[in-house]
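The values are calculated or read from the model by the stated rules, or taken from the named source; none is laboratory data. None of these values were measured; they are calculated from a predicted model. Cβ placement follows ideal geometry from the backbone for every residue including glycine, while neighbour counts extend to all protein chains displayed. These accessible areas exclude ligands, DNA and RNA; they are computed on the full protein's heavy atoms, side chains included. Shrake-Rupley method; radii C 1.70, N 1.55, O 1.52, S 1.80 Å.
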Amino acid sequence: MKKKEKKEGKKEDINKIPLEERRRFIRHPVCFPLAYSIVSEGAKSNIIGERTSTVDVGIGGLLFPAKKPVKSGVKILIRMPFQDKVFNVMAKVVHCEKSRESKFYNLGVSFCGINDAFKTKLIEQLYLISEFRDLWSLQLGKEISLEDASREWIKRYSERFSRMYW
């Protein structure tokens, strides 16, 4: 029955998907800035912890480097800026592994809810549109507004982008 439901396009609650199953989601190597802080029991921490950037993003979560290890199961608040906005996303640490290439730890986190996953997808789209705008402006030799770049990006890539995730 589950396979049939997935084929029909029903969305799943991310928290109910076992970790092994989350590996099936496509991950996109995207680098955008974030800051995170550990959420204390029952209350959100106002202290912004470490600043870093994403390594990759998927519907189930994201991966980023951290200076210090964080235990699996710990909830964190991720703050992702874009221009004059800051998006807050709740996530749970799924794994923390020492990087072989650097002195950092690779933190894999899963989103606490579908709204957090959706917010992250929108942020990723915003960063892709911004990069598209810079490249298009360079190609045309004139400054293109973010609004014009958004319209053009949506025409060209939105259908492909939606298929990557849902």
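Quick notes
- Scanning residues 5 or more positions from GLY61 or on other chains, those with amide H under 5 Å from its amide H are PHE111, with H placed 1.01 Å from N in the peptide plane.
- Under 5 Å, built H, 5+ apart or other chain: amide partners of PHE87: MET80, PHE82
- Ranked by how many other beta carbons lie within 10 Å on average, peptides 84-92, 127-135, 151-159 from highest: 127-135, 84-92, 151-159
- Sequence of LEU122, LEU34, LEU146 from largest to smallest accessible area, 1.4 Å probe: LEU122, LEU146, LEU34
- In terms of distances greater than 18 angstrom between alpha carbons, the cross-link table entries LYS68/LYS92; LYS68/LYS121; LYS85/LYS119; LYS98/LYS119; LYS68/LYS119 yield LYS68/LYS121; LYS98/LYS119; LYS68/LYS119.
- Evaluating 6.51 cos²θ - 1.76 cosθ + 1.60 at θ = phi - 60° for every residue in the range 88-93, the Karplus couplings come out as 9, 9, 8, 8, 10, 5 Hz, glycine and proline recorded as x.
- At full extension, HIS95 and LEU140 could sit 11.8 nm farther apart than now, given 0.36 nm per residue minus the alpha carbon distance.
- Phi angles across the range 133-145 convert, under the Karplus curve 6.51 cos²θ - 1.76 cosθ + 1.60 with θ = phi - 60°, into 3J(HN,Hα) values of 4, 4, 5, 5, 4, 5, 5, 7, x, 8, 6, 9, 6 Hz, Gly and Pro given as x.
- Taking 7 Å steps out from each Cα toward its Cβ at PHE87 and LEU128 produces label points 1.2 nm apart.
- Shape of the range 60-166, Cα gyration tensor, a/c cut at 1.5: prolate
- Cα gyration tensor, the range 32-121 - rounded (a/c under 1.5), prolate or oblate: rounded
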